[in-house]
Amino acid sequence: MFSVLKPLPTDPILGLMAAYKQDTNPNKIDLGVGVYKDELGNTPVLKAVKKAEAFRLENETSKSYIGLAGNLDYCQKMESLLLGEHKTLLANRVRTAQAPGGTGALRVAAEFIMRCNPKATVWVTTPTWANHISLFEAAGLTVKEYPYYDYENKDLLFDEMINTLKQVPKGDVVLLHACCHNPSGMDLNEAQWKVVAELAKEVGFTPLVDIAYQGFGSSLEEDARGLRILADAVEELIICSSCSKNFGLYRERIGACSLIAKDSATADISNSVLLSVVRSIYSMPPAHGADIVNTILSSTELTQMWHQELDEMRSRINGLRTQIKETLATKDIAQDFSFIERQHGMFSFLGINKEQITRLQKEYGIYIVGSSRVNVAGVSDANIEYFANAVADVCKS
Ligand code: PLP
Ligand code: TYF
């Protein structure tokens, strides 16, 4: 049976991670995979997480199954983190299932959409996280793209985006990145979110918000603003969240899929379908990550500690954006890199070509994604000059 199979390429971003590990260049820099790094290039376990894990080790009383929705306290805490004290929560319109990472949440959402409308098209930004496309297609859905990033002006193609979304058939799904757009770093502002929210209501598409970087852009609250603006306006919304980045829990695989329905009764019915989807894929989610997040969010002390650590990560990223812009400006390069400072989260496109990207890797050991996406968190005081000189060198014609 297996002999019919043809080999498939690995995920290019994860492949880059492996290539970096094998590179013996002592100056090598990993600006590939979207993992936060500190000044020393490490991705340490957060102190709040360590404390919560110690607590769990002492206090866990059973390894028996948890339910299909996972840890219900965790689910409720996630709803508050995402929506604050939103009217949809007060009206009991929200249901959440814990999921194995943001990716697991997206796959659950995809299967849920299939149960609602197998003919639905999922509309994604051009460009988007490559996994979005393969994940929805793997679930049997059609994926189409809408204009988003303006490569030329390093801005949003907002008018083009709206013009396309106006033509989306009722019953389709439009995926929006809540903040820290992956891969461009270009986010909608408040006024633009309001336009999209009104359009969703008018046109009748269902927004699906992917929020994988809450707290990495401006603040926990600000980064959820667009999501809440949508929730103010529409009857139905799907939210796929991830605790990989903001809690640094990448390998624990913890996220959530939340549904907002038009009323509480519809929310119950939707939830029964959501849980049926979960059962058909992995039955129940793993317990560890949810317990850590719930323990942190249940304790004032640990929440404070987490906020501080999250603030530190965000400040470092934003500081680096300014530093990268300023350091590149001191080099003899024709291109203007000031856009890096205006973008949010870990990613920006440098806007250099394939040949220049290959030279960065081969000649300097600087690993960036083939689209020219860089993870700014991989830059540090120790390597910023080396990085800027390398970019200047490959940009020389
Ligand atoms: N959505 C976006 C936009 C992402 O960048 C990522 C990547 O990390 C995810 C979802 C999935 O995150 P997780 O590692 O929690 O599956
Ligand atoms: O875009 C990134 O780098 C992150 C991490 O298959 C990631 O979202 C990349 C690829 C992948 C899973 C996670």
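Bear in mind these aren't lab numbers, they're just calculated from the coordinates by the rules spelled out. If you're wondering where the values come from, they're calculated on a predicted model, not measured in any experiment. Quick reminder, even Gly has a Cβ in these numbers, built from the backbone with ideal geometry, and neighbours come from all protein chains shown.
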* Asked: Going by a ≥ b ≥ c, the root eigenvalues of the Cα gyration tensor, does region 109-204 fall in the rounded group (a/c under 1.5), the prolate group (a/b larger than b/c) or the oblate group?
  -> oblate
* Exposure proxy ranking, count of Cβ atoms within 10 Å, fewest first, for Y148, Y213, Y386, Y364 -> Y386, Y364, Y148, Y213
* Per residue of the chain, what 222 nm ellipticity follows from adding -39500 (n - 2.57) for every DSSP H run with n ≥ 4, rounded to the nearest 500? -> -14500 deg cm²/dmol
* Asked: When D73, D381 are ordered from fewest to most other Cβ atoms inside 10 Å of their Cβ, what list results?
  -> D381, D73
* Name the residue, out of H86, H132, H177, whose mean-square fluctuation peaks in a Gaussian network model built on the chain with Cα pairs under 10 Å. => H86
* Karplus-derived 3J(HN,Hα), 6.51/-1.76/1.60, for each residue of region 357-374, Hz, glycine and proline x -> 5, 5, 5, 4, 6, 6, 8, 10, x, 9, 9, 10, 5, x, 7, 6, 5, 10
* Gaussian network model of the chain, Cα springs within a sub-10 Å range: biggest mean-square fluctuation belongs to which of D223, D311, D263? -> D263
* Asked: What aspartates and glutamates could a cross-link reach from K325, if we take a straight Cα to Cα line under 15 Å and drop same-chain neighbours fewer than 8 places away?
  -> D336, E341, D381, E385
* **Residues with amide H under 5 Å from that of S348, placed H, sequence gap 5 or more** => V374, V376
* Only loop residues by DSSP count here, and only those with at most 12 other Cβ atoms within 10 Å; note down the trypsin sites (Lys or Arg not before Pro) in region 1-85 that meet that. => K63
* Please find, in a Gaussian network model of the chain (springs between Cα atoms separated by less than 10 Å), the residue of G378, G104, G15 whose mean-square fluctuation is greatest. => G15
* Fewest first, what order do M305, M284 take by the number of other Cβ atoms within 10 Å? -> M284, M305
* Alpha carbon centroid spacing (whole Å) that separates region 257-296 from region 297-318 -> 26
* To do: For region 121-188, state which trypsin sites (Lys or Arg not before Pro) are in a DSSP loop and have at most 12 other beta carbons lying within 10 Å of their beta carbon.
  => K166, K170
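Considering only DSSP beta bridges whose two residues both sit in the chain, what percent are antiparallel, to the nearest 5?
Numbers: 18 of 37 bridges.
Percentage antiparallel, nearest 5: 50.
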* Structure fact -> quick note, region 64-297, DSSP beta bridge pairs, % antiparallel (nearest 5) is 45
* Which whole-Hz ³J(HN,Hα) couplings does region 17-30 yield from phi under the Karplus relation 6.51 cos²θ - 1.76 cosθ + 1.60, θ = phi - 60°, glycine and proline marked x? -> 4, 5, 5, 4, 4, 7, 6, 9, 4, x, 9, 4, 10, 9
* To do: Report, ordered by chain and residue number, the aspartates and glutamates lying within cross-link reach of K77, taken as a straight Cα distance under 13 Å and ignoring same-chain residues fewer than 8 apart.
  => E85, D291
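Label region 19-121 by shape, choosing from rounded, prolate and oblate, from the square roots a ≥ b ≥ c of the eigenvalues of the Cα gyration tensor; if a/c is under 1.5 it is rounded, and otherwise prolate applies when a/b is larger than b/c, oblate when it is not.
oblate
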* To do: Distance between Cα centroids, region 65-103 to region 132-155: provide it in whole Å.
  => 27
* Asked: Among the aspartates and glutamates, which fall within straight-line cross-link reach of K170, defined as a Cα-Cα distance under 17 Å, with same-chain neighbours fewer than 8 residues apart omitted?
  -> E145, E198, E202, E235, E236
* **Computed over the chain: relative contact order in percent, which uses C-alpha pairs under 8 Å that are six or more apart** => 26
